[in-house]
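See structure below.
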Amino acid sequence: MSSIFTKIINGEIPSYKVAENENFYAFLDINPNAKGHTLVVPKKEVNKLFDLEESLYNELMSFSRQIGLAIEKCIPCNRVGMAVIGLEVPHVHVHLIPLKKMEDIQFKKKEKLEPEEFEAIAKKIAENL
Ligand code: AMP
């Protein structure tokens, strides 16, 4: 069965898309730690980060860097943190999280956003790529 992220990539489930290329898809996390929390996913469905073939792993880091730089340009924060967890969704994804304080990376306190705000944030990040 396809992962929820494969369904998002295929357009079967909606997402707030930030960017896409041949191998990757970036979109806003639906339950964000902070405004601008973005997920970067390889289209190839692989469970664990270090099981990616090395070239795809390197491309994922490079694509995530581009998105992270765009987030830094338009979302007020001290820096963009990066985390890879995957305990909930077994399809590799990089969390890019705008940080103001340590607890923003701790996946405890969540932001509630309206659809319009998600849309505006995704658009803003995309425009800063
Ligand atoms: P983890 O697998 O622990 O790294 O967490 C998976 C992340 O995916 C969580 O932060 C969820 O909020 C996020 N997530 C799950 N389903 C969706 C979805 N349909 N759209 C956007 N983000 C999602």
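The values are calculated or read from the model by the stated rules, or taken from the named source; none is laboratory data. The model shown is predicted, which means the values in this text are computed figures rather than measured ones. Here the Cβ is made from the backbone with ideal geometry for all residues, glycine too, and neighbour counts use every protein chain on show. Areas reflect the complete protein model, heavy atoms only, side chains present, ligands, DNA and RNA absent. Shrake-Rupley method; radii C 1.70, N 1.55, O 1.52, S 1.80 Å.
Taken over segment 1-22, residues that are among the β-branched types (Val, Ile, Thr) and without any contact (Cβ under 8 Å) to a residue 40 or more places away in the chain amount to 3. Checked against (1) out of contact with any strand residue (DSSP E or B) (no Cβ under 6 Å at 6 or more places or on another chain); (2) within 12 Å of the ligand (Cβ to nearest atom), PHE118 passes all but a single condition, namely (1).
Within segment 83-93, being out of contact with any Pro (no Cβ under 6 Å at 6 or more places or on another chain) and surrounded by 11 or more Cβ atoms within 10 Å (Cβ to Cβ) holds for ALA83, VAL84, ILE85, GLY86, VAL89, PRO90, HIS91, HIS93.
The set of residues from segment 1-39 being polar (S, T, N, Q), within 11 Å of the ligand (Cβ to nearest atom) and open to solvent by less than 50 Å² (accessible area, probe 1.4 Å) comprises SER3, SER15, ASN33, THR38. Residues of segment 94-129 that are in contact (Cβ under 8 Å) with a residue 40 or more places away in the chain, assigned to a helix (DSSP H, G or I) and surrounded by fewer than 12 Cβ atoms within 10 Å (Cβ to Cβ): GLU127 alone. TYR25 falls short on exactly one of the conditions (1) more than 16 Å from ALA126 (Cβ to Cβ); (2) without any contact (Cβ under 8 Å) to a residue 24 or more places away in the chain; (3) among the hydroxyl-bearing types (Ser, Thr, Tyr), and that condition is (1). Looking at the structure I just gave you, is LYS44 touching a helix residue (DSSP H, G or I) at 6+ places or on another chain (Cβ under 8 Å), over 22 Å from GLU103 (Cα atoms) and within 13 Å of the ligand (Cβ to nearest atom)? Against the criterion (touching a helix residue (DSSP H, G or I) at 6+ places or on another chain (Cβ under 8 Å), over 22 Å from GLU103 (Cα atoms) and within 13 Å of the ligand (Cβ to nearest atom)), LYS44 does not qualify.
All conditions but one from (1) within 10 Å of the ligand (Cβ to nearest atom); (2) under 26 Å from MET1 (Cβ atoms); (3) surrounded by 12 or more Cβ atoms within 10 Å (Cβ to Cβ) apply to TYR57; the one that does not is (1). Scanning segment 64-82 for residues that are of a type in the set (A, V, I, L, M) and open to solvent by less than 20 Å² (accessible area, probe 1.4 Å) yields ILE67, ALA70, ILE71, ILE75.
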